[in-house]
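The next block holds one structure in the form of structure tokens; read it before the comments.
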Amino acid sequence: MEHRWDKVLFTGNARVGRIIMTKAAKHLTPVALELGSKCPCIVDCLDSKRECQVAVNRIIGAKWSTCAGQACVAIDYILVEEQFAPFLIELLKSTLKRFFTKPEYMARILNEKHFHRLTNLLEDDQVKSSIVHGGNADSKTLWIEPTIVLNPPLDSDIMTEEIFGPLLPIITVKKTEDCIAFLKPKPKPLAIYAFTNDEKLKQRVVAETSSGSILFNDAIVQYGLDSIPFGGIGESGFGQYHGKYSFELFSHRKAVVRRSLLVEFMFRYPPWDEYKMGMLRRVFRFDYVSLVLALLAFWLLGIRR
């Protein structure tokens, strides 16, 4: 970052992102940041057991199957109606048991630093008492069991920091619609996921929340679609890439104007009078129709003279 670049793309956490931006300011280098965030997942009461099972499969795939949650687009926490939460938790437990029949099927934590960061999130007494599944870990192999935490304190580290690991808090609300009010004051995430068949709820999520992307009835797969832009907003970053959007991100749209020397508009030049000022006002208002009519009238008046 001490060198002069045309464009810099950084993907990582917000702390390093701020360092990158600070150093880029030295040369006024434009920066695109793809940062982490707490990506929420809204789970509505679905219509059938099959739909619930498909939703849980996809939630587990987006949380634990992909690098044990060590991905910027991984589900960070779940929002669900309190009456539906017990059923969801039991379905998550039974499906995890089927998917991860051996410890080696679970990805390891990247390094010791992140392993201890994650296990420390569970050391809070109020968080530890809210564990409903998992919680085991092995420092020698950097393995952490898929862990579900029900209603941890909202001011605890597990609910204020990006988890980036196999810990999944579940927050209950009275009604699914309350999820929107829950999300509004939060920092804007890289993605919002929602499992629902309620079209009105989908419309509200799109219209009333802000995030890098929204995905209904699945999670993470938007990252693999090169036909749509990928990127964050606010604290989750800015600048979009993937597919043609990567080309556009690293391109400069240079404007080129070519004119003929045949026609000249003398109202551009002094000395000024009311006619010239009127013509300039039309130009600055982009009132080209009125401008053309005025020029035509002036031309016809000159012919008559």
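Please compute the length gained on full extension between Glu264 and Phe84, using 0.36 nm multiplied by the number of residues separating them and subtracting their Cα-Cα distance. If you can, show how the numbers build up before the last one.
Working: separation 180, 0.36 × 180 = 64.80 nm, distance 7.36 nm.
Between Glu264 and Phe84, full extension yields an extra 57.4 nm.
Between the range 1-68 and the range 236-305, the C-alpha centres lie 42 angstrom from each other. Length available on full extension from Lys174 to Glu248: 0.36 nm per residue minus the Cα-Cα distance, which gives 22.3 nm.
In this structure, the amide hydrogen of His133, modeled 1.01 Å from its nitrogen in the peptide plane, lies closer than 5 angstrom to those of Ile148, counting only residues at least 5 positions away or on a different chain.
Accessible area of Trp299 (1.4 Å probe, protein heavy atoms only, ligands and nucleic acids ignored): about 150 Å².
For Lys184, a cut-off of 20 angstrom between C-alpha atoms picks up these lysines, skipping any fewer than 8 places away in its own chain: Lys38, Lys174, Lys175, Lys200, Lys202. Do any trypsin sites (Lys or Arg not before Pro) in the range 235-285 lie in a DSSP loop with no more than 13 other beta carbon atoms within 10 Å, and if so, which? In loop regions of the range 235-285 (DSSP not H, G, I, E or B), the sparsely surrounded trypsin sites (Lys or Arg not before Pro) are Arg253, Lys254, Arg258, Arg259, Arg285. Rounded to the nearest Hz, the phi-derived 3J(HN,Hα) couplings of the range 83-96 under the Karplus curve 6.51 cos²θ - 1.76 cosθ + 1.60 (θ = phi - 60°) are 6, 8, 4, x, 5, 4, 5, 5, 5, 4, 4, 5, 6, 4, where x marks glycine and proline.
Sort the range 85-148 into rounded, prolate or oblate with this rule: let a ≥ b ≥ c be the square roots of the eigenvalues of the Cα gyration tensor; rounded if a/c is under 1.5, and if a/c is not under 1.5, prolate when a/b is larger than b/c, oblate otherwise. Walk me through the numbers on the way to the answer.
Values: a/c = 2.96, a/b = 1.21, b/c = 2.46.
Oblate is the answer for the range 85-148, as a/c is 1.5 or above yet b/c matches or exceeds a/b.
Where the centroid of each part is defined by its Cα atoms, how far is the range 108-166 from the range 191-232 in Å? First find each Cα centre; the distance between them is then 26 Å.
For the range 38-148, the gyration tensor built on C-alpha atoms gives a prolate shape. Its axis ratio a/c (a ≥ b ≥ c) is at least 1.5, and a/b is the larger of a/b and b/c. Counting only protein heavy atoms and a 1.4 Å probe, the chain has 59 square angstrom of accessible area per residue.
Amide H to amide H, with H built 1.01 Å from N, Leu9 comes under 5 Å of Ala32, counting only residues 5 or more places away or on other chains. Using the beta-carbon distance between Lys7 and Cys67 and R0 = 25 Å, what value does 1/(1 + (r/R0)^6) give for FRET efficiency, to the nearest 0.05? With a Förster radius of 25 Å, E is 0.35. For the range 37-224, the square roots of the Cα gyration tensor eigenvalues, ordered a ≥ b ≥ c, give a/c of at least 1.5 with a/b greater than b/c, which places it in the prolate category. Across the range 275-281, computed HN-Hα scalar couplings (Karplus, 6.51 cos²θ - 1.76 cosθ + 1.60, θ = phi - 60°) run 4, 5, 5, x, 5, 5, 4 Hz from first to last residue, x flagging Gly and Pro.
Comparing Pro270, Pro189, Pro40 in a Gaussian network model of the chain where C-alpha atoms under 10 Å apart are linked, the largest mean-square fluctuation is found at Pro270.
As an exercise, use a Förster radius of 51 Å and the Cβ-Cβ distance of Arg117 and Val256 to find the FRET efficiency, rounded to the nearest 0.05. E between Arg117 and Val256, to the nearest 0.05, is 0.50. Using a simple spin-label model with pseudo-atoms 7 Å out from Cα toward Cβ, Glu161 and Leu280 lie 6.1 nm apart.
Could you work out how much longer the chain between Val206 and Ser227 gets when fully extended? Use 0.36 nm per residue separation minus the Cα distance between them, nm to one decimal.
Values: separation 21, 0.36 × 21 = 7.56 nm, distance 1.93 nm.
Contour length minus Cα-Cα distance gives 5.6 nm.
A 1.4 Å probe, protein heavy atoms only, puts the accessible area of Met266 near 120 Å².
Once neighbouring chains are kept in place and the probe is 1.4 Å, which whole percent of the accessible area of the chain is contributed by carbon and sulfur? It would help to have the intermediate numbers written out before the result.
On the way: 10360 of 17980 Å².
About 58 percent, which is the carbon plus sulfur part of the accessible surface.
With respect to the chain, whose longest principal axis is taken over its alpha-carbon atoms, helix 288-304 is tilted by about 10°.
Within a straight-line Cα-Cα reach of under 20 Å, Lys140 can be paired with the following lysines, leaving aside sequence neighbours fewer than 8 residues apart in one chain: Lys102, Lys113.
The values are calculated or read from the model by the stated rules, or taken from the named source; none is laboratory data. Worth saying up front: this structure is predicted, and the values here are computed from it rather than measured. Quick reminder, even Gly has a Cβ in these numbers, built from the backbone with ideal geometry, and neighbours come from all protein chains shown. Side chains included, ligands, DNA and RNA excluded: accessible areas come from the protein's heavy atoms. Shrake-Rupley method; radii C 1.70, N 1.55, O 1.52, S 1.80 Å.
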